[in-house]
Amino acid sequence: MNSFVKAVGVGFISLGLWSSTALAQDSWWKTAAQPYQGATIRGISESTPASKYVEQVLGPKFTEETGIKVEFEATSWDQMYDKAIKDMEANTGIYDFVYIEQDIVYTYLARDFLVDITKSLADNTKIASPDFKPETFTTFLNYFKDPKSGNVMGVPMEAFIKPYLYRKDLFDDPAIQKAYKDSTGADLKPATTHEEYTQIAKFFTEYGADKELWGTTVQASSSHPAAFYEFFESVAPTFGVYNWGIDGTTFAATEVNGGQMNSAAAKKALNYWVDLLKYAPPESTSSTWDEVAGTFAAGRAAQGLVYGENAAWIATDSSKSTVVGKVGVALPPVEAGVMEAAESGKGYIGYYDGGAFGIPHSSKNKDASLLFLQYIGQASVQTDWALAGSRIVMNSTYDDPKIVEQDKKMNGYYTLMREDGKLFAGAPPFPFHSQVLQVVAPFIYKAIVGEIKPDDALDQAATAAEAELVKLGYRK
Amino acid sequence: MRQSNIGWLFLAPATLILFVVGFVPFIYILYVGFFDWNTNAVDPTLRWAGLQNYRSLVFDTTFLNSLARTLVFAFFVVVSELLLGYVLARALMADRLWGRQFFRTIHTLPIVVAPIAVGATWRLLCVPGFGIVPYYLKLWFGIDYNISTNAYHAFSTAIIMDLWHWTPFVTLSLMAGLTALPKEPLEQAQIDGGNKLQIFWYVIVPMLKPVLLTTVFIRLMDALRSVDEIWMLTKGGPAEATRFIGLHIWINVFPKTDYGYGAAMSLLTLYVTIVLSWLLFVAMTGRKGGAQ
């Protein structure tokens, strides 16, 4: 009897504690949002699995809890930049929060587009949520800190690496393994060098000639910056060419001036990458990141470098992918010495991509937007968001049982990201990102279609990049 | 006098709007064209450059190639649309054509589709690996059609897409013009023994000149500033094979934020358009110099 009374007592106390905590949680958002009731905040982002989750789940949930309406525009990458930058330049205030991709953040900071989140919350503690803790984010948050003050300028919403995906079912098939051994004399396993990668690509292209299967994906659109990005951010680093081959101090691009854009290593990288087109499906020359994911999900390639934001749905969503349960994940192949350089922090082997939401100075609803960014920066919303968009921005998310379970289905993608994420890096801190991209990309396109040789393409690209940097005043 | 004032009063709103959205931006572009201005430069302010932007344009092979490519594109589409539009107009006016009204309606549908949707649809049709156009061209004719590697394929597809989209506009204009032609001169020409070709060339074409001139001007100016359809179809590629002048200016002004140079490009393109239009006007009307 005594124990029964005790148990009931403990039960009531627990219930009381739980309900008071829950009420306190609810009431904090409601109380903080009280002055902004009925306000509408507008945001814009690239349409990615993670941003769609914000549009469809987190936005409506926030509205339900606070009464602040969220209008969210998930559009194409080009449109997103076009609209967001024009809005911030013209100071029109159409958008209250904007997507800041990791590689554009330096431009936004240089042009003073963004509100200082740390300072704003310190200045107005009434809207500083106790559940928003910047220290709980992974080091990816550092990309969105002001280098001078160390203050947070954007709340990470997605982060992923660009791993090497391969068809595990094909690589593990004994008959295919034998055929590969007979054909090449080597064992079939995920490539660790570029020579192995090319050999595997060649083998599967021949093997899949009557099966609509090719050896590799290549993100080689002959007219979209996606080709520039794949080459300079995913392929060139695996040959030891970092930061687009531009010296971060002198802004030299040509080898003669101390740059690397047209170095022997860079030329070897571009020749290797363009050569892979022989073993890639025909859509490769019009493929951006989306089409590459689509090609892999359709089972048309045996291996490829695929952005991690697509890894979850490719590996687990049978309504969109034909290769569910057949996906293997590994680190990209590298040249000798590159892995060691990455491990020692002197280089990197691929792209650590992602983005954050920031608030433009032009926003007319800064406080309401600050509330929203903190809302999506809570630990409690991270797991389901990660399940939907294969993105992780907080350390605690990795250990959630749901994520551990999904990790198994994804052949350890999250484990790879957690343990080897340090080997990858974001884009270089160049405030002239778009300007150099627009100048250099056409030469990469010309190399893709065979209009000029890869060596000439890089020679011309490096010269043009330097000329542009002189024109912009960065290079003297 | 009073009537004249009322007339100006009625015109005032339209004049004001035209002044604000047409004349003011034009003056602003003219002004910006004399400066070196890139908001991502170390010095993001306007720096006086005089005529340097225009001087650079004369030696800018990418710009000149883009302009030349646009002129070739405009020539092909305008001439083809005119010929095709005339043939279709005559066909759709023929009493013998069964289901004439139905075909007229169907034929007009492309005009109401937004250019961006036209570009996206044609891209889906033509995308290598998945599109039905490359699939059937390979299956039936053994042609390896690829708009992302073959410059000629991309360029000709851009022309065909434009023909599909805008020929109905030319057809409708010419149908309106042909319907309004008086019958007497045609009958007189027949009585005088003119054959069909002679009647077309010496009677119909001269009488249709105002309609032809208007249609050609509209289509020429549209073709010279094609952006959205091309952007969706090829993004200016492969490489720069379909980077027409409108797209080239957009890339320089927006992603590259090179406002001064972009403004100079815009003005030079406007100048070329005006000169071309004037030459065309003179050629079609027989006017010389400033003579009336």
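Taken together, the values in this text are just the output of simple stated rules run on the coordinates, not laboratory data. Please read these numbers as outputs of a predicted model, since none were measured by experiment. We place every Cβ from the backbone using ideal geometry, glycine too, and count neighbours over all the protein chains shown.
General observations
- Set A:Lys189/A:Lys320; A:Lys119/A:Lys148; A:Lys189/A:Lys326 screened for pairs whose C-alpha atoms are more than 24 Å apart: A:Lys189/A:Lys320
- Degrees between helix A:77-90 axis and first principal axis of chain A (Cα, 0 to 90, nearest 10): 60
- Projecting label points 7 angstrom from Cα along Cα→Cβ for B:Ala114 and A:Asn395 puts them 4.7 nm apart.
- Helix-only mean residue ellipticity at 222 nm for chain B, each DSSP H run of n ≥ 4 adding -39500 (n - 2.57), per residue, nearest 500: -22500 deg cm²/dmol
- Residues in segment A:64-70 carry Karplus couplings, in order, of 4, 7, 10, x, 8, 7, 10 Hz; the curve used is 6.51 cos²θ - 1.76 cosθ + 1.60 with θ = phi - 60°, and Gly or Pro positions show x.
- Spin-label model, A:Lys30/A:Thr192: points 7 Å from Cα along the beta carbon direction are separated by 5.9 nm.
- Under 13 Å from the Cα of A:Lys86 - aspartates and glutamates, other chains or at least 8 residues apart: A:Asp78
- Estimated FRET transfer efficiency when R0 is 45 angstrom, pair A:Glu419-A:Asn257 (beta carbons, to 0.05): 0.75
- The count of lysine pairs in segment B:60-257 that are at least 8 places apart or cross chains, and whose C-alpha atoms lie under 28 Å apart, stands at 5.
- For segment A:313-391, the square roots a ≥ b ≥ c of the C-alpha gyration tensor eigenvalues yield an a/c of 1.5 or more together with a/b not exceeding b/c, which makes the shape oblate.
- Relative contact order (percent, whole number), chain A, Cα cutoff 8 Å, 6+ residue spacing: 23
- Helix-only CD estimate at 222 nm, as mean residue ellipticity for chain A, using -39500 (n - 2.57) per DSSP H run (n ≥ 4): -13500 deg cm²/dmol
- By average C-beta atoms within 10 angstrom, highest first, the peptides A:205-214, A:329-338, B:136-145, A:300-309: A:300-309, A:329-338, A:205-214, B:136-145
- Whole-Å distance, taken between Cα centres, linking segment B:165-220 and segment A:344-412: 65
- To the nearest ten degrees, helix A:454-472 and the longest principal axis of the Cα atoms of chain A are 50 degrees apart.
- B:Gln101/B:Val72 FRET efficiency (R0 45 Å; Cβ-Cβ; nearest 0.05): 0.75
- Length added when fully stretched, A:Asn151-A:Lys409, from 0.36 nm per residue minus Cα-Cα: 89.2 nm
- Full-extension gain in nm, B:Met93 to B:Thr121, via 0.36 nm per residue minus C-alpha separation: 7.1 nm
- Shape category assigned to segment B:1-133 from the gyration tensor of Cα positions, a/c cut at 1.5: oblate
- Per-residue mean of foreign Cβ neighbours for B:230-241 is 6 (Cβ atoms of other chains, 10 Å radius).
- Peptide A:429-437 - average C-beta neighbours from other chains (10 Å radius): 3
- Global form of chain A, assessed from the alpha-carbon gyration tensor, a/c cut-off 1.5: oblate
- Spin-label zone in segment A:116-149 - amide nitrogen under 19 Å from a point set 7 Å from the Cα of A:Ala379 along the C-beta vector: A:128-142
- Peptide A:280-288 - average C-beta neighbours from other chains (10 Å radius): 6
- Calculated FRET efficiency for the pair A:Ser183/A:Ala90, C-beta based, R₀ 60 Å, to 0.05: 0.50
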